[in-house]
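Working notes for the structure below.
The values are calculated or read from the model by the stated rules, or taken from the named source; none is laboratory data. This is a predicted model, so every value here is computed, not measured. Cβ sites come from the backbone with ideal geometry, for glycine too, and all protein chains shown count toward neighbours.
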Amino acid sequence: MKIIGLTGSIAAGKSTVAGWIAEYGVPIHDADTAVHGLLTVGGLAVAPILAVFGDAAGSVDKGIDRKALGDLVFADPERRQKLEAILHPMVRQHRDAFLNHHRAQNVRMVVLDVPLLFETGGDNLCDYIIVVYAKRQTLIDRAMARPGMTAAKLDGILASQMPMEEKMARGDLLLDSDLAPAVTKQHLQTWLADMDQMIQQSRS
């Protein structure tokens with residue numbers, strides 16, 4: 001089974017690309033979705049986060065307030081590291097269960113959708129990596145249009161991420177989301193089809 005990493009900076013268009021991959025029929029493990037589950041009521045990360053960050057981050061009855069937690073950590077690298085120390089091992093466990101399940105199903109390829117793929121060392125698991133990118137001003141414009149985003153918070157998020165140029169240098173497929181969506185989608189689907197064919201030939 002080939003493991004393909006999908007990553008990109010904030011607002012690069014990665015979620016759109018993930019949707020296209022799902023349309024193609026490739027199973028995807030979405031790290032952000034896994035985190036959402038950990039932060040909701042009853043989630044495994046709720047109690048540890050409240051123990052570190054207190055009531056400002058949420059409550060046992062309501063789960064973690066993602067916006068409040070983001071405001072607490074993105075401007076403070078030390079706090080962000082404490083949060084990552086809680087979340088990353090839990091997300092890795094969730095990911096490994098996903099991989100084991102699909103290996104048992106003899107699936108040809110899967111995708112790991114991880115915003116911080118390189119930063120967390122997740123690229124070491126991957127046979128190939130897709131990097132979604134856009135011009136810096138495009139990223140800023142898209143991110144600032146999101147509810148609750150501020151310039152200070154965006155600066156903190158960008159500071160926590162590897163520079164886009166470095167991610168691109170380490171990618172196997174680079175998808176430019178400044179292009180027309182149909183063009184980017186066709187580029188992706190052609191690559192996936194070639195990958196699929198190569199895997200099938202190697203198995204025959």
Problem set entry | Per-region count, region 49-64, residues surrounded by fewer than 17 Cβ atoms within 10 Å (Cβ to Cβ) and either of a type in the set (Gly, Ala, Ser) or part of a helix (DSSP H, G or I) (or both) | 6
Seminar exercise, completed: Residues of region 172-186 being under 14 Å from Lys14 (Cα atoms) and not acidic (Asp, Glu), in sequence order, are Leu173, Leu174, Leu175, Ser177, Leu179, Pro181, Thr184, Lys185
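Of all residues being surrounded by fewer than 16 Cβ atoms within 10 Å (Cβ to Cβ) and touching a residue at least 24 places away in the same chain (Cβ under 8 Å) in region 83-106, which is nearest to Met168 (Cα to Cα)? Just the residue, please.
Step by step, filter region 83-106, then rank; the result is Arg103.
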Exercise. Of all the residues that make up region 109-132, how many are over 12 Å from the mean Cα position of the chain (by Cα), at pLDDT 95 or above and not hydrophobic (A, V, I, L, M, F, W, C)?
Worked result: 3
For this session: For Gly171, state whether it is within 21 Å of Ala34 (Cβ to Cβ), outside the structural domain of Ala75 (by TED's automatic domain parsing) and under 19 Å from the mean Cα position of the chain (by Cα).
Result: no
Seminar exercise, completed: Checked region 17-48 for anything buried (at least 16 other Cβ atoms within 10 Å of the Cβ), in contact with a strand residue (DSSP E or B) (Cβ under 8 Å, 6 or more places away or on another chain) and under 26 Å from Met144 (Cβ atoms); matches are Val17, Ala18, Asp30, Ala31, Leu39
Problem set entry | Of all residues making up region 127-167, the number that are touching a strand residue (DSSP E or B) at 6+ places or on another chain (Cβ under 8 Å) and more than 15 Å from Val114 (Cα to Cα) | 1
Seminar exercise, completed: When region 190-204 is checked residue by residue, the ones that are in a helix (DSSP H, G or I), loosely packed, with under 13 Cβ neighbours inside 10 Å and not hydrophobic (A, V, I, L, M, F, W, C) are Thr190, Asp194, Gln197, Gln200, Gln201, Ser202, Arg203
Problem set entry | Residue selected from region 66-103 under the condition farther than 27 Å from Ile28 by Cα and aliphatic (A, V, I, L, M), by the criterion modelled with the lowest pLDDT | Ala75
